[in-house]
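The values are calculated or read from the model by the stated rules, or taken from the named source; none is laboratory data. Predicted model, so just to flag it, every value in this text is computed and none were measured. Cβ sites come from the backbone with ideal geometry, for glycine too, and all protein chains shown count toward neighbours.
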2 protein chains.
Amino acid sequence: MRNRSVTYSSEATFQALADPTRRAVLDLLRRGSLPAGEIAGAFSVSRPAISKHLRLLRRAHLVREHREGRNRVYQLNPEPLRAVDSWLDQYRNFWRMNLTSLKTFVEAEHAKETHAAKLNRKTSKGDL
Amino acid sequence: MRNRSVTYSSEATFQALADPTRRAVLDLLRRGSLPAGEIAGAFSVSRPAISKHLRLLRRAHLVREHREGRNRVYQLNPEPLRAVDSWLDQYRNFWRMNLTSLKTFVEAEHAKETHAAKLNRKTSKGDL
DNA sequence: TCGTCGCGTAACTGTAGGGTTACGCATTAT
DNA sequence: ATAATGCGTAACCCTACAGTTACGCGACGA
């Protein structure tokens, strides 16, 4: 396995993405780097709360921080998202090919609930 | 609000994906539907723990459950993952650019921003 | 009709996490 | 030097949740 670059734990990445505020921070940083204060200003929660979110994002390597005077400028690092992307990739085929079979499944479900006889070939009881 | 098809809250989806066990359950179900017991058998945690994970996955509509006799068969539903995919899509352009040009781009963006005069030419970039 | 099986749920525990306010430490301004 | 600014951290809430064991209930096989 050629790990040419840093291997990020997709664990930390998924966990960082779990919170909507953190995803919003990332979305914000897509438009450009920002100092922590301005990031915090974009949200209704307190500044320390954002500071903790930024710490998590740092831990997941989704952002980078560097100092500019007394500012702490945060920059997006989308690299770890590749792991999410490749995890997702295993499912892409699914929602491409699976729509018809999903449809039949749903119809089968419906049929089963209406007739309720399909699975009960072994028993004559067949009722709920 | 246009609900063309069922609208899944990506919130629930991201949150469901945050747990590695749940992701593993999904990975398992990619190979085919399974009754709850067999899913639980694939993990070291207790069966009720898996049951609760399944509940969360159901809540996020990532799995569907139907009864077969006394079994509860779970089936993967990859649909909500589309939301994750499209969220991720906004970042794909980013990791297509190489990182150095990204860095300069982002910093240029930032320099254009509001209080640029305040932070200005200290050029503390690059150190640290 | 019974006992067993499959599986969800209740009740409980420990811990992580997101929110707050108070504070400390650099860095810049006066 | 002193004050003010920017921001992280500590200490503290409260809720969510992953895990456990004990239990209940419908579905089967006898």
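At-a-glance table
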read-out: Pairs with Cβ under 7 Å, 6+ apart, first in the range A:44-67 and free of Cβ contacts under 8 Å to residues at least 12 places away in the same chain and more than 17 Å from A:Tyr8 (Cα to Cα), second more than 10 Å from DNA strand D (Cβ to nearest atom) and assigned to a loop (DSSP other than H, G, I, E, B); value: A:His66/B:Lys125; A:His66/B:Leu128; A:Arg67/B:Ser124; A:Arg67/B:Leu128
read-out: Complete set of residues in the range A:9-50 that are under 15 Å from A:Asn71 (Cβ atoms), among the small types (Gly, Ala, Ser) and not in a loop (DSSP other than H, G, I, E, B); value: A:Ala36, A:Gly37, A:Ala40, A:Gly41
read-out: Close pairs from the range A:79-92: first more than 7 Å from every other protein chain (Cβ to nearest Cβ), partner part of a helix (DSSP H, G or I), Cβ under 6 Å, at least 6 apart; value: A:Pro80/A:Thr13; A:Ala83/A:Ser10; A:Ala83/A:Thr13
read-out: In the range A:26-54, the residues that are of a type in the set (A, V, I, L, M) and either within 13 Å of chain B (Cβ to nearest Cβ) or surrounded by fewer than 18 Cβ atoms within 10 Å (Cβ to Cβ) (or both); value: A:Leu26, A:Leu28, A:Leu29, A:Leu34, A:Ala36, A:Ile39, A:Ala42, A:Val45, A:Ala49
read-out: Failed condition for A:Val6, given (1) near DNA strand D (Cβ under 10 Å from one of its atoms); (2) at pLDDT below 95; value: (1)
read-out: Lone unmet requirement of (1) surrounded by 14 or more Cβ atoms within 10 Å (Cβ to Cβ); (2) at pLDDT below 95 for B:Gly126; value: (1)
read-out: All positions within the range A:1-60 that are among the β-branched types (Val, Ile, Thr) and in contact with a strand residue (DSSP E or B) (Cβ under 9 Å, 6 or more places away or on another chain); value: A:Val25, A:Ile39
